[in-house]
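Trainee: My questions will all concern the structure given below.
The values are calculated or read from the model by the stated rules, or taken from the named source; none is laboratory data. All figures in this text were calculated on a predicted structure; none of them were measured in a lab. Virtual Cβ from ideal backbone geometry, glycine too; neighbours counted across all protein chains shown. Note: accessible area is taken over every heavy atom of the protein model, side chains too, but ligands, DNA and RNA are not part of it. Shrake-Rupley method; radii C 1.70, N 1.55, O 1.52, S 1.80 Å.
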Amino acid sequence: MTGAYVHGYDPRENLRLQDQACTLVELLHADTLYPDGSSVLEAGCGVGAQTIPLAKKSPKALITSIDASETSVAEARKSVTAAGVTNVTVRQGDIFNLPFSAESFDHVFVCFVLEHVAQPLEALGALKHVLKPNGTITVIEGDHGSAYFHPHSDYAREAIRCLVELQARAGGNALIGRALYPLLKETGFDDVRVSPRMVYVDGSKPGLIEGFTKKTFTAMIKGARQSSLRAGLITEAGFDRGIADLYSTAEAGGVFCYTFFKATARKLTGAV
């Protein structure tokens with residue numbers, strides 16, 4: 001898979017991904033259900049954070065989860081075993097060089113992957129190739145441009161901008177959520193439907209304050225500190241002020257909003 005994973009592979013990032021998955025399971029997975037016995041490819045499973053809720057929602061579907069990173073595959077296998085999930089096979093594989101024949105799967109699931117690849121159209125084309133006629137694809141992505149909050153902070157906006165820029169320099173697109181519809185249409189998928197999934201957090205939602213504002217979003221931005229400083233994108237004081245201001249949105253009177261985009265589409269019978 002081309003493009004670097006801008007968040008890295010250290011244990012803190014693995015924990016952030018698990019926190020994110022637990023916090024957002026209903027928002028992102030509630031309406032994803034696969035029939036018993038159907039074959040599902042989860043492309044770019046990472047450490048398995050999304051694999052577990054995916055498998056538990058469709059316990060009798062046969063899920064093959066792949067990732068290009070050997071480290072992530074090992075972590076995903078540990079996660080699957082620890083969760084007692086028995087309908088998932090984890091293996092190493094590159095989206096751009098899939099180890100499967102054409103029309104191998106009934107369904108494809110892709111979550112937080114396209115934002116990291118330099119050729120999202122080519123990635124979708126490769127996934128379409130292994131999808132059976134009339135099969136479906138589900139794609140979930142975030143969009144860092146959708147983040148807004150109270151109290152407002154230009155420093156926080158600059159810290160977020162640093163991660164967007166770092167991801168762009170690595171060949172990815174942190175704003176890809178808004179582009180899912182045109183990407184899927186251009187790839188030739190039919191019946192494309194996109195639904196925004198907003199996370200709204202205020203003082204009445206302590207679980208989301210802790211699980212999303214602090215441990216998911218702010219932790220993600222904070223993780224880009226050293227890379228942002230090395231790239232000369234921001235001053236040390238400016239970045240630290242931005243992170244402090246993001247944390248302030250989790251305090252009394254603070255509000256935080258972010259939107260994910262979930263797309264579904266179908267491969268027409270006979271489509272390439």
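Trainee: Which one of these is among the hydrophobic types (A, V, I, L, M, F, W, C), open to solvent by less than 60 Å² (accessible area, probe 1.4 Å) and at pLDDT 95 or above: Ala49, Ala30, Ala76, Ala21? Talk me through it step by step, then tell me what you get.
Mentor: Details: Ala49 fails: at pLDDT 95 or above; Ala30 fails: at pLDDT 95 or above; Ala21 fails: at pLDDT 95 or above.
Residue meeting the stated conditions: Ala76.
Trainee: Looking at Glu70, Glu141, Glu115, Glu122, which is the one that is modelled with pLDDT of 95 or more, in contact with a helix residue (DSSP H, G or I) (Cβ under 8 Å, 6 or more places away or on another chain) and surrounded by fewer than 23 Cβ atoms within 10 Å (Cβ to Cβ)?
Mentor: Answer to the check: Glu115.
Trainee: I've got another one for you. Go over the candidates Gly238, Gly203, Gly232 one by one and state the one that is in contact (Cβ under 8 Å) with a residue 60 or more places away in the chain and either among the hydrophobic types (A, V, I, L, M, F, W, C) or more than 30 Å from Val108 (Cβ to Cβ) (or both).
Mentor: Details: Gly203 fails: in contact (Cβ under 8 Å) with a residue 60 or more places away in the chain; Gly232 fails: in contact (Cβ under 8 Å) with a residue 60 or more places away in the chain.
Being in contact (Cβ under 8 Å) with a residue 60 or more places away in the chain and either among the hydrophobic types (A, V, I, L, M, F, W, C) or more than 30 Å from Val108 (Cβ to Cβ) (or both) holds for just one of Gly238, Gly203, Gly232, which is Gly238.
Trainee: Being over 16 Å from the mean Cα position of the chain (by Cα), closer than 29 Å to Ile243 by Cα, open to solvent by 20 Å² or more (accessible area, probe 1.4 Å) and touching a residue at least 40 places away in the same chain (Cβ under 8 Å) narrows it down to one residue among His150, His129, His107; which is it?
Mentor: Matching residue, one of His150, His129, His107: His150.
Trainee: Give me a count of the residues in the range 182-214 that are part of a helix (DSSP H, G or I) and either among the acidic types (Asp, Glu) or surrounded by 15 or more Cβ atoms within 10 Å (Cβ to Cβ) (or both).
Mentor: 11
Trainee: Specify which of the listed residues (Leu166, Leu233) is under 25 Å from Leu24 (Cβ atoms), open to solvent by less than 50 Å² (accessible area, probe 1.4 Å) and modelled with pLDDT of 95 or more.
Mentor: Leu166
Trainee: Taking only pairs six or more apart or across chains, which ones have beta-carbon atoms under 6 Å, a first residue in the range 40-54 that is over 13 Å from Thr138 (Cβ atoms), and a second residue that is among the hydroxyl-bearing types (Ser, Thr, Tyr)?
Mentor: Close Cβ pairs satisfying both conditions: Cys45/Thr51; Cys45/Ser65; Gly46/Ser72; Val47/Ser72; Gly48/Ser79; Thr51/Ser65.
Trainee: Here's another thing I want to ask about it. For the range 127-138, which positions are touching a helix residue (DSSP H, G or I) at 6+ places or on another chain (Cβ under 7 Å) and either over 19 Å from Leu28 (Cβ atoms) or in a loop (DSSP other than H, G, I, E, B) (or both)?
Mentor: Lys128, the sole residue that qualifies.
Trainee: When residues of the range 243-265 are filtered for being within 30 Å of Leu183 (Cβ to Cβ) and either open to solvent by less than 30 Å² (accessible area, probe 1.4 Å) or among the charged types (D, E, K, R) (or both), how many remain?
Mentor: Number satisfying all stated conditions: 9.
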